[in-house]
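What follows is a single structure, written as structure tokens, with notes after it.
No lab work stands behind these numbers, since they all come straight from the coordinates. All of these numbers come straight from a predicted model, not from anything done at the bench. Counting neighbours? That spans all protein chains shown, and the Cβs are built from the backbone with ideal geometry, glycine included.
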Amino acid sequence: MTLVGIIMGSTSDWDTMRHTAAVLAELDVPHETKVVSAHRTPDRLYDYAKGAAGRGLKVVIAGAGGAAHLPGMAAAMTHLPVLGVPVQSKALSGQDSLLSIVQMPAGIPVGTLAIGKAGAVNAGLLAAAILATQDEALSQRLQAWRQRQTEAVADEPA
Ligand code: RP5
């Protein structure tokens, strides 16, 4: 069963959000990827967010850039945890995306990650950590992933 829904506002976000999908694949977490735009396909967003919990999803990860309404609008329409990834925009280097996503008024949270690739990777890791609280095998895979990362850090820069 698919556990994590990765949505993004445009196909142009895939270059960032593919890093979320990649880390979830590494951790063997079943996930799906969809283009769902808050302003270009609002009905698609409504259907996706309203249906997410009923389809068995446990976490939604939403990446968007610019005036990035997608994570907040998704969070407004599902009780599942929503993680937001600010995509690095051309005009404002993702500062617009970050502020749009992080400054949710009290009552509807969006767990906001860093701008760009780092945020996309960390959204995948955070979703896995959330799921791992109820899944010991995944917890072990996540801990092993972190251990490999630790071991890959060189002692010296060159
Ligand atoms: C947002 O507008 C998307 O999330 C994307 O980051 C940004 C630009 O979209 P495109 O014009 O590249 O489709 O909705």
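Which value at 222 nm does the chain reach when only helices count, each DSSP H run of 4 or more adding -39,500 (n - 2.57), with the total divided by all residues and rounded to the nearest 500 deg cm²/dmol?
-14000 deg cm²/dmol
So, in nm, how far is label Met1 from label Arg40 when the simple model puts each one 7 Å beyond its Cα toward the Cβ?
3.2
Have a look at the chain and give its Rg and Dmax from the Cα atoms, expressed in angstrom.
15.5, 53
What is the packing order of peptides 42-51, 4-13, taking the mean over residues of other C-beta atoms within 10 Å and listing the highest first?
Ranking, from highest mean packing down: 4-13, 42-51.
Using a simple spin-label model with points 7 Å from Cα along the Cα→Cβ vector, what separation in nm is obtained for Ile108 and Leu92?
Roughly 1.9 nm, to one decimal.
Just tell me which lysines come within less than 28 Å, Cα to Cα, of Lys90; anything on the same chain fewer than 8 places away is out.
Lys34, Lys117
Packing-wise, with mean Cβ within 10 Å as the measure, how do 71-79, 59-67, 133-141 rank, highest first?
Taking the mean over residues of other Cβ atoms within 10 Å, the ranking is 59-67, 71-79, 133-141.
Given the Cα atoms of the stretch 1-90, and with Rh set as the inverse mean 1/r over their pairs in the Kirkwood sense, what is Rg to Rh to two decimals?
0.94
Calculate the FRET efficiency for Thr33 and Val153 from the Cβ-Cβ distance with a Förster distance of 30 Å, rounded to the nearest 0.05.
0.50
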